[in-house]
Each structure stands twice: as structure tokens, then as C-alpha cells.
Amino acid sequence: MSTPVATAGDADVWVRDRMTAAGAVVLDLAAEPLRLLPLARATGTPVWVDVHDYDGEADYHRPFLEAADAVFCNADRLDDPVAFLRSRVAAGASLAVCTLGADGAVAVDGYGTVHRVPAVPVEVVDTNGAGDAFLAGVLDARLDGADVPAALEAGARTAASVLRSRHLHPLLDAVLDAGRGAS
């Protein structure tokens with residue numbers, strides 16, 4: 001869920017029911033997801049968050065980190081990504097993952113095991129959305145029963161499809177190009 005402005009909660013019963021039925025709840029760093037964190041945790045459904053370029057200190061991220069069963073981030077502002085991931089697992093997360101750009105990704109699972117996956121070699125056209133695609137690939141694979149290494153590989157493949165596109169997905173190239181020709 002990614003709504004920038006917090007609502008009054010008029011739809012919370014509906015939202016709670018959907019969260020309860022879901023395999024995971026993915027909450028983005030925004031006001032409405034922040035408001036919904038207690039509701040999400042109360043459902044018992046695993047909460048997945050992406051704290052993006054977290055620096056290890058920003059207060060805004062803390063409630064998301066504390067609620068998360070799975071934490072995703074990138075290494076842009078972390079001095080020691082593995083230490084950060086280990087700290088998240090020690091705090092209760094069952095999975096913590098950091099993308100490393102062209103160096104792939106590293107994860108620490110609930111047992112403290114460190115897993116690494118190389119990036120899929122691609123000619124990078126645009127990095128926009130690659131981290132979100134990586135998370136989506138990992139989430140899809142985990143919900144399908146994949147272990148952490150296989151899920152990380154799925155995330156790397158999904159991110160690669162976005163990296164080689166001018167848009168968030170390669171299928172959009174043809175759609176948007178056709179729209180330009182029709183004008």
C-alpha cells in the first residue's frame with residue numbers, strides 16, 4: 001500500500017479484511033501506510049517494507065523497520081549493509097535484503113545465514129523501479145514456496161527486466177510507442 005496522505009480510516013475494516021486474506025502486506029514509506037502499521041501487524045500477515053536508501057539513523061523509517069517481517073533496502077547510504085541486515089533479523093525480521101546495484105544483492109535470513117546473488121548482466125537503460133521490481137520478484141517467489149536463494153535469483157531476473165526498459169516494464173515500450181504513433 002502506498003498512499004502519501006493518511007486517511008481518516010473509514011475503510012479500515014475493508015483494508016483489514018484484505019490484509020488478513022493476503023499472503024503478505026507490502027507497505028511503502030508514506031503517511032497512510034504508517035497509520036496502517038498497527039492494523040497490518042494485528043492481522044498476523046507478514047509485513048514487507050522497503051526502506052529504500054535508509055541511512056541507518058532516520059527516525060521516520062523506525063516504525064516501518066520495527067513492524068517488518070521482511071526488510072528491503074539499497075546500499076546507497078549504508079556503510080555496512082550486512083551489519084544492518086543482521087541488526088534487522090536480530091530485531092525480529094525473518095528476512096532482510098539489500099540491493100547492491102551492479103553487484104547484485106545480499107540477504108540475511110531468520111537463521112542468520114548470509115545469501116548473495118549476482119546481478120543479471122544487462123545493458124542498463126533506466127534504473128527507475130529496479131528495486132521495486134527486485135522486491136516484487138522475491139515476494140512472488142517466496143509466496144510460491146521458494147527458498148531464499150531461489151527467491152533472490154527471481155528478484156534479480158525481475159529487476160533485470162526493468163533495467164533494460166525505458167519504462168517500468170518492457171511491455172510498456174511497445175504500448176507507449178504505439179500511442180505516440182497514433183497521435
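Just a few scattered comments:
- DSSP-defined beta bridges in the chain - what % are antiparallel, rounded to 5: 45
- Measure of compaction for the chain (Cα Rg per 2.2 N^0.38 Å): 1.07
- Helical runs (DSSP H, four residues minimum) scored at -39500 (n - 2.57) apiece and divided by the length of the chain put the mean residue ellipticity at 222 nm at -13500 deg cm²/dmol.
- Computed over protein heavy atoms with a 1.4 Å probe, the carbon and sulfur contribution to the accessible area of the chain reaches 54%.
- Accessible surface calculations at 1.4 Å, restricted to protein heavy atoms, place region 42-183 at 52 Å² per residue.
The values are calculated or read from the model by the stated rules, or taken from the named source; none is laboratory data. All values derive from a computational prediction rather than experimental measurement. For accessibility, only protein heavy atoms count, side chains too; no ligands or nucleic acids. Shrake-Rupley method; radii C 1.70, N 1.55, O 1.52, S 1.80 Å.
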